[in-house]
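Please read the structure below before turning to the comments.
Nothing in this text is a laboratory measurement; each read-out follows from the coordinates by a stated rule. Just so it is clear, the structure is predicted and the values come from calculations on it, not from any experiment. Note: ideal-geometry Cβ built from the backbone for every residue, glycine included; neighbour counts use all protein chains shown.
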Amino acid sequence: MKSIFIKSGFLLFLFLFTNELNVNNVVLPIEDNKAEDFQGQAFYVSKSTMELGRWGARLSEAQKKQVEARLKNRLEKEYILTFNKEEALFYEDEKLDAMTGATDSWGKNFAPGKQYKNVKTNMQIQSQEFYGKKFLVKDKLQDIKWILGKETKQIGNYTCFKATASIPTNDLAWYDFSWSRLRNTTNAEKKSDSSSTATEEPDVAMTDVEAWYSPQIPVGHGPLEYWGLPGLIMEVNAGNTTMLCTKIVMNPKEKLEIEAPDKGKVITKSGYQETIVNKMKEFRNNRIGRRRG
């Protein structure tokens with residue numbers, strides 16, 4: 001199963017950043033400010049482990065390190081979440097790539113674009129670009145059945161509480177692509193075309209998610225698809241990736257703009273997934289055709 005976030009092997013990273021979290025800019029809680037004036041920014045770092053599968057088993061340790069070095073700009077990312085009480089805008093901070101000149105044209109086709117969420121209207125609007133074509137993905141927010149725990153830990157000066165959930169992997173990574181998804185789609189099509197009348201429910205791959213939120217910032221926002229907890233989500237662990245908040249700026253002097261993306265072909269999440277699968281199926285068939293030719 002292709003997963004999206006890390007579960008272990010990242011303890012040193014977490015220790016360093018949870019102890020270095022910049023909280024000096026926090027000024028006042030929501031109740032001491034007018035709701036319309038309340039806003040903030042949370043800065044996140046994410047790190048993913050590499051999944052090389054069967055192909056990776058044939059590589060030496062030196063070769064694995066070379067591959068990991070080449071994919072570093074895909075495995076390590078920085079993001080910014082700008083939010084007020086109801087709205088949030090989440091996007092990748094691409095300064096590092098611009099400074100280093102690193103490019104990942106293939107990976108950008110399957111990376112999350114600028115994402116707007118409104119917890120009051122239950123609306124998500126996300127800009128995506130796939131092989132030069134712009135899409136505007138409009139859909140409801142991800143339905144997450146959180147289980148709230150009593151376990152706590154400190155992230156910087158914030159007391160955070162643990163919450164867990166199990167979410168369909170495809171729902172979390174609807175903008176991404178895996179060859180297993182293409183195989184599953186092909187197998188499902190073959191079954192539907194067969195004469196068998198037996199109906200089988202397809203297996204749904206699930207991702208176990210562990211989140212840490214702080215009621216000290218009482219908004220229901222979080223990075224990527226995550227939201228809906230009684231406090232800002234400061235850390236998320238799921239699959240092969242961890243995303244951690246390393247800095248918070250509350251009520252800055254200059255007002256922060258939160259505007260939803262508005263350019264591209266309007267489509268739903270499921271429609272966008274179907275578009276990706278069909279395009280990758282076309283690539284695969286063309287490659288097979290060239291080989292046979």
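Just to verify a number: FRET efficiency for Gln63 and Tyr131, C-beta to C-beta distance, R0 = 41 Å, to 0.05?
On the way: r = 29 Å, r/R0 = 0.71.
Calculated transfer efficiency: 0.90.
Given Lys47/Lys117; Lys77/Lys247; Lys133/Lys263, which pairs have Cα atoms separated by over 19 Å? Don't skip to the answer; put the middle values down first.
Numbers: Lys47/Lys117 23 Å; Lys77/Lys247 15 Å; Lys133/Lys263 11 Å.
Over 19 Å apart, Cα to Cα: Lys47/Lys117.
Using amide H atoms built in the peptide plane, which far-off residues or other-chain residues are under 5 Å from Lys114 H to H?
Amide H neighbours of Lys114: Ser127.
Counting only residues 5 or more places away or on other chains, whose amide H sits under 5 Å from the amide H of Ile155 once H atoms are built in the peptide plane?
Here the answer is Cys160, since their amide H atoms fall under 5 Å of that of Ile155.
What order do you get for 255-262, 275-282, 241-248 when each peptide is scored by the mean count of other beta carbon atoms within 10 Å, highest first?
Result, highest mean first: 241-248, 275-282, 255-262.
Can you tally the net charge around Phe161? Count Lys and Arg as +1, Asp and Glu as -1, for every other residue whose Cβ sits under 9 Å from the Cβ of Phe161. Please list the in-between numbers first.
Working: positive: Lys150, Lys153, Lys162; negative: Glu151.
Neighbourhood net charge equals +2.
Using only alpha carbon pairs under 8 Å that are at least six residues apart, calculate the relative contact order of region 109-161 and give it in whole percent.
Here the relative contact order equals 23 percent.
What is the set of long-range amide H partners of Met123 at a cut-off below 5 Å, with H atoms built 1.01 Å from backbone N?
Under 5 Å from the amide H of Met123: Asn118, Leu141.
Between region 117-183 and region 200-266, how far is it from one alpha carbon centroid to the other, in angstrom?
7 Å
May I ask you to evaluate 6.51 cos²θ - 1.76 cosθ + 1.60, the Karplus curve with θ = phi - 60°, for each residue of region 237-245 and list the ³J(HN,Hα) values in order in whole Hz, giving x for glycine and proline?
Rounded to whole hertz, the list is 10, 7, x, 10, 9, 10, 10, 10, 6.
Quick one: if the Förster radius is 30 Å, what FRET efficiency do Lys279 and Glu78 give, using the C-beta to C-beta distance and rounding to 0.05?
The calculated FRET efficiency here is 0.55.
Which whole-number percent gives the relative contact order of region 208-293, counting Cα pairs below 8 Å spaced six or more residues apart? Write out the running numbers ahead of the final one.
On the way: 72 pairs, mean separation 15.7, N = 86.
Worked out over region 208-293, it gives 18 percent.
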